[in-house]
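Take a look at the structure set out below.
The values are calculated or read from the model by the stated rules, or taken from the named source; none is laboratory data. Since the structure is predicted, the reported quantities are computational estimates derived from the model, not experimental observations. Heads up, the Cβs are rebuilt from the backbone with ideal geometry, glycines too, and the neighbour counts pull from every protein chain shown. Remember, those area values only see protein heavy atoms, side chains included, never the ligands or the DNA or RNA. Shrake-Rupley method; radii C 1.70, N 1.55, O 1.52, S 1.80 Å.
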Amino acid sequence: MINFSLRQLQYFVATVEHGGVSAAARACHVSQPSVSLAIAQLETALGSALFRRQASRGVELTAAGQRVLAQARDILVQAAALGAGGASGELRGQLSLICFQDLGPYFAPRLLAGFHARHPQVAVTLLEGDLATVQRALRSGKAELALTYELAIDAQTARSTLAELVPYALLPADHPLAAQDTVSLAQLASQPLVLEDIPHTREYLLSLFWQQQLTPRIAQTVQSFEMQRGLVAHGYGVALSCTRPAGDCSYDGTAIACRPLAETLPAQRVVLAQAPGAEASPLVAAFVASAQAAG
C-alpha cells in the first residue's frame with residue numbers, strides 16, 4: 001500500500017504553482033525544510049522523482065510529476081469537500097489561474113468576483129505574464145487555467161471563448177489621423193510606431209503590417225500596454241492593440257484617440273485555456289461555467 005498524506009500533496013502542488021520550494025513555504029506559512037521533506041517523502045512513497053532540480057531554473061516537473069499533479073489536485077479538492085461535510089456539494093480547494101498581462105486587468109477582477117460569489121470557499125492563486133509565460137505555465141502545470149488570447153495556445157489545448165477583440169489604432173488625441181473615422185495600416189506604417197515588445201505580441205502586431213507588404217517605422221519598444229498608451233497619449237507615436245480598456249486615456253489622464261482599422265482583420269479570441277493532459281477538475285469546470293455566465 002502506498003502511504004502519503006494530504007499535507008505532502010498540498011506542499012507538492014504549492015511548489016509547482018509558486019515555482020519553487022522557498023516560495024511554496026512562504027505561501028503555506030511553513031519552513032522550507034518542511035516542504036522539502038514532505039516532497040522527498042512523497043517521492044519515496046510513489047517511487048518516482050517528481051521534480052528535476054536545477055540551480056539556474058528552480059524546479060521542473062518530471063513526466064511522473066506531470067501525471068501526479070492532476071491527481072493530487074483532484075484528491076485535494078475531494079478532501080476539501082469531505083471536510084466540509086461532503087453532502088453539501090459546496091466546492092472547496094485551490095485553483096491556479098494565469099492571465100496574459102494586457103488582458104488580466106480588464107477581465108480577471110470581474111471574473112474572480114463573480115466566481116467568488118458563487119464559490120466562496122475556493123481560493124484562486126492569480127498569476128500574470130506575457131504570452132510566452134502563459135504558455136509555459138500551462139504546459140508545466142503551474143497554472144490550471146489561463147486567461148489569454150487564443151494565439152498563445154496549442155491547437156490541442158481545450159479552451160472556452162469569452163470575447164473577440166478586433167485590432168485598432170491608438171493615436172494622440174490631436175493627431176491628424178484622429179479626425180478620420182478609420183485609419184489604414186499604410187497610414188500607420190508611415191508614422192513612428194510604439195510597439196509592445198513582448199513575446200508573441202510583438203510578432204502578431206508586426207504581422208498585421210507584413211501581411212499588407214508594409215514595414216512600420218518603430219520609434220520605441222515598450223514592455224507594457226500602459227507604457228505604450230502613455231507614450232501615444234503624449235505624442236510619441238502611434239500604436240496597434242486589441243485590448244481596449246474603458247476610458248480612452250493614459251494613466252495620467254491624457255486623452256487617446258482610438259480608431260477602427262480600415263482593413264477587415266480577423267478578431268483575436270479571448271479564451272480560458274485548460275492545462276493540457278488532464279480532464280477538467282471540478283474547480284476548473286466551475287470557473288469556466290462562471291466566466292461564461294458572466295458574459
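Things worth noting here:
- DSSP finds beta bridges in the chain, and of those with both partners inside it, around 55 percent are antiparallel.
- The angle separating the long axis of helix 32-46 from the principal Cα axis of greatest extent in the chain is about 70 degrees.
- Taking other residues whose beta carbon is less than 10 angstrom from the beta carbon of Ala239, and scoring Lys, Arg as +1 and Asp, Glu as -1, yields 0.
- Rounded to the nearest 10 degrees, the inclination of helix 63-83 to the longest alpha-carbon principal axis of the chain is 70 degrees.
- Assigned charges on the beta-carbon of Lys, Arg, Asp, Glu; the chain dipole about Cα centre (debye): 780 debye
- Where Cys28, Cys99 fall by accessible area, highest first, once all protein chains stay in place (1.4 Å): Cys28, Cys99
- Kirkwood radius for the chain, taken over all pairs of different Cα atoms as the inverse mean of 1/r, rounds to 21.1 Å.
- Share of carbon and sulfur in the accessible heavy-atom surface of the chain [1.4 Å probe, %]: 53 percent
- Largest first, the residues Glu203, Glu263 sort by 1.4 Å accessible area into Glu203, Glu263.
- Cα long-axis angle, helix 201-210 against the chain (0 to 90 degrees, to the nearest 10): 30 degrees
- Value of relative contact order over the chain, rounded to a whole percent, pairs C-alpha under 8 Å and six or more apart: 20 percent
- Probing with 1.4 Å while keeping every protein chain in the model, the per residue accessible area of segment 130-279 equals 45 Å².
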